[in-house]
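Asks: First the structure, then my questions, so here it is.
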Ligand SMILES: Cc1cc2nc3c(=O)[nH]c(=O)nc-3n(C[C@H](O)[C@H](O)[C@H](O)COP(=O)(O)OP(=O)(O)OC[C@H]3O[C@@H](n4cnc5c(N)ncnc54)[C@H](O)[C@@H]3O)c2cc1C
Ligand SMILES: Cc1cc2nc3c(=O)[nH]c(=O)nc-3n(C[C@H](O)[C@H](O)[C@H](O)COP(=O)(O)OP(=O)(O)OC[C@H]3O[C@@H](n4cnc5c(N)ncnc54)[C@H](O)[C@@H]3O)c2cc1C
């Protein structure tokens, strides 16, 4: 039998975790938790509700954190970001999903999180039991701060992302990307080279150690296509790469390619868009 | 403040993952090595706290002999001392955490123990949390903001749409994410000084793995054949057409 922790009944990643749980065979129960977030307390409530069952959660930050707490409390192994499982043999993500590991879990009980978007979301007709743990002295959230986005769309939610890499050349070089982004109601993203150089804040970074995006269109300008960057944008429905080097790796991940100098191409696209929108 | 930062040596893989013939590891013959950007920010943060208020920054790694290179890199950022648990085998997250906890117990107590949120390669999302339980310390993960004052730590954890704030008493364990700060580029004198800082290396025995790696697999690419829309600014009209087809313009 399996207990699934869901962040909420309609949360996409949690419904993917349900699919993983259903694939394990046996009965599945789903729980969610109410009240201020307190990782060790929440995990203890999940452990108690599970009895001796397998435990599955979503491969979100919170899901992975809770499963790791549960695993530490039970002193059991925990396999994070599982994309396939057959008995005790499983496949899990490494390097933000750009490498897979086949592994064997040596344990009577399985503690797993589901790799994001590896499973179709399940529709769950049954009840999701709400646990209400009592808060003792566990570490808990005491406040929440939200950034002022100044009315701009966030990188994670944007339908279009205009992203720049080393090829943009400088902080000022991003002005032409900003201009194109404004016309498309897009967010501006960037590669790690750009944040390390201090041209853009880290909150703009796309990739394994930045934000993972899944827009309808991702426009990569002067980005080479390192695996750690691709880890953040492979969820895009379409990728347009603009690069001076026709051998660049990014083209192997792109649906559309424009070869040449982004400093000429990006303003030309902006001008063309203005023309089309104006008419 | 006495601060410990745990880091892990990983290859810099570039544009393509290439495996060794036995599919047990990434082919690293032509690759350089580094630590996760998360961990690099952890080292930078620890060094800043000690620069401001005094104390000691110790860096710990479990890894092959060559991982001494990563400890020296951290010393060039400003860490004072290194602990190297030497093993040429692959450890699972549970065993890694147990070995790190043992090494910490053998030291004078630390006020703050810093991890990356997840390692760059295996990404198990758990070593820091397991070490906290083994030592009976509170733990907060995924930090993008950290303020240490009067024996407490204010921790800002990244969540969708903002940051959750925690307030914990020290000693505590935290795991951090890139973006916490912008790490410095070490100066040449700092790199030279790093060479003579104390580094304690000892062999450790690996226990039986409970999460046992069988083999690595490079995922099938999307086999995309990009449609070339053109060269140079002359491609702009085609680009806009495609944007309209995709319904974004
Ligand atoms: C553990 C780890 C985690 C990492 N996490 C991330 C991450 O989250 N995000 C991330 O992005 N990186 C990450 N990296 C770094 C990554 O490996 C690459 O170093 C980085 O993505 C490269 O950035 P880039 O493509 O901008 O630069 P480069 O690789 O230098 O590529 C620049 C590209 O611009 C092109 N170009 C140059 N001039 C022009 C021009 N005028 N017009 C058009 N094209 C031009 C060049 O042909 C080239 O393809 C990580 C690395 C490690 C080891
Ligand atoms: C010789 C050798 C070869 C290895 N080869 C590989 C390999 O090919 N592929 C691979 O993925 N792993 C390899 N490992 C690493 C080992 O499998 C991991 O350290 C272990 O699985 C920890 O789990 P994680 O990386 O998922 O940790 P996570 O829980 O994701 O890590 C969180 C944080 O814990 C700390 N941490 C994790 N591991 C270590 C460590 N070893 N030393 C110090 N701090 C650490 C870091 O701060 C990290 O940011 C090797 C280890 C050794 C000794």
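Asks: Tell me whether segment B:225-244 contains one or more residues that are exposed (fewer than 13 other Cβ atoms within 10 Å of the Cβ), assigned to a loop (DSSP other than H, G, I, E, B) and out of contact with any helix residue (DSSP H, G or I) (no Cβ under 8 Å at 6 or more places or on another chain). Don't jump to the end; show me each part of the working.
Replies: Of all residues in segment B:225-244, those exposed (fewer than 13 other Cβ atoms within 10 Å of the Cβ) come to B:225, B:227, B:244.
Subset that is assigned to a loop (DSSP other than H, G, I, E, B): B:225.
Pick out the ones that are also out of contact with any helix residue (DSSP H, G or I) (no Cβ under 8 Å at 6 or more places or on another chain) and you get B:225.
Yes, that holds for at least one residue.
Asks: Separate question: Any residue at all in segment A:95-106 that's at pLDDT 95 or above, farther than 30 Å from residue A:233 by Cβ and in contact with a helix residue (DSSP H, G or I) (Cβ under 7 Å, 6 or more places away or on another chain)?
Replies: No, segment A:95-106 contains no residue that is at pLDDT 95 or above, farther than 30 Å from residue A:233 by Cβ and in contact with a helix residue (DSSP H, G or I) (Cβ under 7 Å, 6 or more places away or on another chain).
Each row is one residue, and each column tells you yes or no for (1) at negative phi; (2) within 11 Å of chain B (Cβ to nearest Cβ); (3) part of a strand (DSSP E or B).
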site: A:63; (1), (2), (3): yes, yes, no
site: A:66; (1), (2), (3): yes, yes, no
site: A:76; (1), (2), (3): yes, yes, no
site: A:92; (1), (2), (3): yes, yes, yes
site: A:101; (1), (2), (3): yes, yes, yes
site: A:104; (1), (2), (3): yes, yes, yes
site: A:125; (1), (2), (3): yes, no, no
site: A:133; (1), (2), (3): yes, no, no
site: A:136; (1), (2), (3): yes, no, no
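Asks: Separate question: Based on what the data block shows, is residue A:209 touching a helix residue (DSSP H, G or I) at 6+ places or on another chain (Cβ under 9 Å), within 14 Å of ligand 1 (Cβ to nearest atom) and part of a helix (DSSP H, G or I)?
Replies: Judged against the criteria, residue A:209 is not a match.
Asks: Can you tell me which of A:238, A:268 is at the interface with chain B (Cβ under 7 Å from one of its Cβ atoms), free of Cβ contacts under 8 Å to residues at least 24 places away in the same chain and over 19 Å from residue A:176 (Cβ atoms)? Please lay out each step first, then the result.
Replies: Values: A:268 fails: over 19 Å from residue A:176 (Cβ atoms).
Exactly one residue qualifies, and that residue is A:238.
Asks: Could I ask something else about it? Please state which one of A:153, A:162 is more than 12 Å from ligand 1 (Cβ to nearest atom), under 19 Å from the mean Cα position of the chain (by Cα), assigned to a loop (DSSP other than H, G, I, E, B) and within 13 Å of chain B (Cβ to nearest Cβ).
Replies: Values: A:162 fails: assigned to a loop (DSSP other than H, G, I, E, B).
Answer to the selection: A:153.
Asks: Under 24 Å from residue B:142 (Cβ atoms), within 16 Å of ligand 2 (Cβ to nearest atom) and in contact with a helix residue (DSSP H, G or I) (Cβ under 9 Å, 6 or more places away or on another chain) - does that describe any residue in segment A:188-202?
Replies: First, the residues of segment A:188-202 that are under 24 Å from residue B:142 (Cβ atoms): A:188-196, A:198, A:200-202.
Going one step further and asking which of them are within 16 Å of ligand 2 (Cβ to nearest atom), we end up with none.
Among the residues of segment A:188-202, not one is under 24 Å from residue B:142 (Cβ atoms), within 16 Å of ligand 2 (Cβ to nearest atom) and in contact with a helix residue (DSSP H, G or I) (Cβ under 9 Å, 6 or more places away or on another chain), which makes the answer no.
Asks: Now for a different question. Of these, B:20, B:61, B:34, B:13, which one is under 20 Å from residue B:191 (Cα atoms), within 14 Å of chain A (Cβ to nearest Cβ) and either surrounded by 22 or more Cβ atoms within 10 Å (Cβ to Cβ) or touching a strand residue (DSSP E or B) at 6+ places or on another chain (Cβ under 9 Å) (or both)?
Replies: Numbers: B:20 fails: under 20 Å from residue B:191 (Cα atoms); B:61 fails: within 14 Å of chain A (Cβ to nearest Cβ); B:13 fails: under 20 Å from residue B:191 (Cα atoms).
Only one candidate passes the filter, namely B:34.
Asks: Which of the residues belonging to segment A:241-265 are surrounded by fewer than 23 Cβ atoms within 10 Å (Cβ to Cβ) and more than 9 Å from chain B (Cβ to nearest Cβ)?
Replies: Selection gives A:244, A:245, A:247, A:263.
Asks: Take the residues of segment A:138-147 that are farther than 22 Å from residue A:47 by Cβ and part of a loop (DSSP other than H, G, I, E, B): which is farthest from the other protein chains (Cβ to nearest Cβ)?
Replies: First, pick out the residues of segment A:138-147 that are farther than 22 Å from residue A:47 by Cβ: A:142-147.
This time we only want the ones that are part of a loop (DSSP other than H, G, I, E, B), so: A:146-147.
On the way: A:146: 4, A:147: 6 Å.
Checked segment A:138-147; the qualifying residue farthest from the other protein chains (Cβ to nearest Cβ) is A:147.
Asks: Let me ask something else. Please find, among B:168, B:148, B:114, the residue that is at the interface with chain A (Cβ under 7 Å from one of its Cβ atoms) and either outside any loop (DSSP other than H, G, I, E, B) or away from ligand 2 (no atom under 15 Å from the Cβ) (or both).
Replies: Values: B:148 fails: at the interface with chain A (Cβ under 7 Å from one of its Cβ atoms); B:114 fails: at the interface with chain A (Cβ under 7 Å from one of its Cβ atoms).
Step by step, each of B:168, B:148, B:114 is checked, and only B:168 is at the interface with chain A (Cβ under 7 Å from one of its Cβ atoms) and either outside any loop (DSSP other than H, G, I, E, B) or away from ligand 2 (no atom under 15 Å from the Cβ) (or both).
Asks: Looking at residue A:230, is it away from ligand 2 (no atom under 16 Å from the Cβ), more than 8 Å from chain B (Cβ to nearest Cβ) and more than 16 Å from the chain's Cα centre (by Cα)? Let's see the steps before the verdict.
Replies: Values: away from ligand 2 (no atom under 16 Å from the Cβ): yes; more than 8 Å from chain B (Cβ to nearest Cβ): yes; more than 16 Å from the chain's Cα centre (by Cα): no.
Against the criterion (away from ligand 2 (no atom under 16 Å from the Cβ), more than 8 Å from chain B (Cβ to nearest Cβ) and more than 16 Å from the chain's Cα centre (by Cα)), residue A:230 does not qualify.
The values are calculated or read from the model by the stated rules, or taken from the named source; none is laboratory data. Computed from a predicted model, the values in this text were never measured in an experiment. As a convention, Cβ positions derive from the backbone with ideal geometry for all residues, glycine included, and neighbour counts pool all protein chains shown.
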